[in-house]
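Everything on this sheet refers to the single structure shown next.
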Amino acid sequence: MSAEDLENYETDMELQLYREYRDVVGLFSYVVETERRFYLANHVDLQARSADGEIYFDLTLQDAWVWDVYRSARFVKSVRVITFKDVNVEELTRNDDLTLPKADEL
């Protein structure tokens with residue numbers, strides 16, 4: 001396999017992942033970003049904790065989807081993440097007025 005073949009394969013996998021994300025994002029209430037992963041979830045519990053003077057985050061997600069091109073199963077029932085890095089949690093808006101027009105409507 002050449003370097004170009006590998007690059008084309010990875011590009012195709014990323015495009016498939018994006019399409020899957022686009023198809024499932026409407027099923028979830030939150031977008032969660034950590035240092036290592038990007039998640040969609042319907043329930044988020046984020047707790048700031050302290051140990052030996054260090055602050056860390058204990059994050060639990062329920063009913064989640066994981067943005068990871070190398071995972072065969074991206075839907076997970078429960079995820080627990082413990083990190084010393086930033087965690088971003090954003091509630092998705094569910095406003096039908098913000099839908100994009102379809103290609104044939106342009």
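The values are calculated or read from the model by the stated rules, or taken from the named source; none is laboratory data. Since we're looking at a predicted model, the values are computed, not measured. As a convention, Cβ positions derive from the backbone with ideal geometry for all residues, glycine included, and neighbour counts pool all protein chains shown. These area figures cover heavy atoms from the full protein model, side chains too; ligands, DNA and RNA do not enter into them. Shrake-Rupley method; radii C 1.70, N 1.55, O 1.52, S 1.80 Å.
When only the Cβ of Lys, Arg, Asp and Glu is charged (+1, +1, -1, -1), the dipole of the chain relative to its Cα centre reaches about 480 debye. Shape of the stretch 1-63 from its Cα gyration tensor (a ≥ b ≥ c, root eigenvalues): rounded if a/c is under 1.5, otherwise prolate when a/b > b/c, or oblate? Oblate shape, in that a/c is at least 1.5 and b/c is the bigger or equal ratio.
Applying a DSSP loop filter and a limit of 16 other Cβ atoms within 10 Å to the trypsin sites (Lys or Arg not before Pro) in the stretch 24-67 leaves 36, 37. For the stretch 36-76, the per residue solvent-accessible surface stands at 61 Å², with DNA, RNA and ligands left out and a 1.4 Å probe.
Among the chymotrypsin sites (Phe, Trp or Tyr not before Pro) in the chain, those placed in a DSSP loop whose Cβ has at most 15 other Cβ atoms within 10 Å are 70, 84.
An oblate overall shape is assigned to the chain, the ratio a/c of its alpha-carbon gyration tensor axes (a ≥ b ≥ c) being 1.5 or greater and a/b not exceeding b/c. Shown for the chain: the carbon plus sulfur share of the solvent-accessible area, taken with all protein chains present and a 1.4 angstrom probe, equals 47%.
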